[in-house]
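Below is one structure; the comments refer to it alone.
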Amino acid sequence: MNLFDYNPAVVLSFILTLMRVSIIMFMLPIFSTQNIPTTVKGAVSIVFTLGVWPVVSLSGAFMPAHPFDIAIMLLGELVIGLVLGMIVNFLFMGIQAGGELLGFQMGFAMITFADPISGNNTGATSFFIWMVSLLTFLSLDGHLYMIRGFAATFDLIPPGGLFIGQALLDQVVGLSVGMFRLALKICAPVMVALFMVEVALGLVARTSPQIHIMEFGFPIKISVGFFFIGLIFQIMAQHIGSFISGMDGLFTNILRAMSPLYN
């Protein structure tokens, strides 16, 4: 397709494709980080649209004539981007929640700083685990699976054809439950080890009251915590790998739940 022949149908097709690409790209994890300037995101969206438009595109016939219908369509595209971004964010939020629990048990609850990626205050331990998980996700080509799932939206969900039903809500609730389950799997081994350290320190305090248990206990808890954090990296990598391997089916099920073709 040639964009510069001023064919109205072709121009509207490009605008619709750019609309979906820009909204979803701004919502997907990794691509939606706040430390990337908005102008760079806009340029990437245009370049990405020019790359995918000849292969997968939306027909210009879907462009509504009334501004209110266009606003409804934009709202639907925004919901698609939020749902797709939320699917992957559940993984990272579960890992970060586990890191927050670990930081609390290790005595790092008071050590927080501004996360330049999300813009929120986060603990040192959770941010460290989150960054390792993000690098693992990228090294296993998780971002390519996200792009492939995004490309599937062109075949399954036409512009303005978003369907929100019970199947979609059930899958989102199931993913949120999996987030808390993942957080417990990550932090449970370390929390058990730190609990045993607390018990040992309590026995030491009872048998040797002259020992300053606060000064003696903090370095031990931090050392044991980081030792077990190093051990759970293997478990975390396995969870990330299994999540990435199932992303194709997960995106397909979510998109079919939102598609009017399957409802």
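The values are calculated or read from the model by the stated rules, or taken from the named source; none is laboratory data. These numbers come from a predicted model, not from an experiment. Reconstructed Cβ throughout: ideal geometry from the backbone, glycine too, with neighbour counts over all protein chains shown.
Yes or no: the range 185-195 includes at least one residue that is assigned to a loop (DSSP other than H, G, I, E, B), buried (at least 16 other Cβ atoms within 10 Å of the Cβ) and more than 19 Å from the chain's Cα centre (by Cα).
Scanning the range 185-195 turns up no residue that is assigned to a loop (DSSP other than H, G, I, E, B), buried (at least 16 other Cβ atoms within 10 Å of the Cβ) and more than 19 Å from the chain's Cα centre (by Cα).
Please enumerate the residues belonging to the range 87-110 that are over 18 Å from CYS187 (Cα atoms) and at pLDDT below 75.
Matches in the range 87-110: MET110 only.
Exactly one of these conditions fails for MET63: (1) farther than 25 Å from THR136 by Cα; (2) at pLDDT 75 or above; (3) crowded, with 20+ Cβ neighbours inside 10 Å. Give me its number.
(2)
Can you confirm whether the range 238-254 contains a residue that is more than 22 Å from HIS143 (Cβ to Cβ), not in a helix (DSSP H, G or I) and not charged (D, E, K, R)?
no
For residues that are exposed (fewer than 15 other Cβ atoms within 10 Å of the Cβ) and within 39 Å of the chain's Cα centre (by Cα), tally how many sit in the range 197-215.
Qualifying residue count, the range 197-215: 5.
Assuming MET19 fulfils every condition listed in (1) surrounded by fewer than 19 Cβ atoms within 10 Å (Cβ to Cβ); (2) over 21 Å from VAL88 (Cα atoms) apart from one, which condition is it?
(1)
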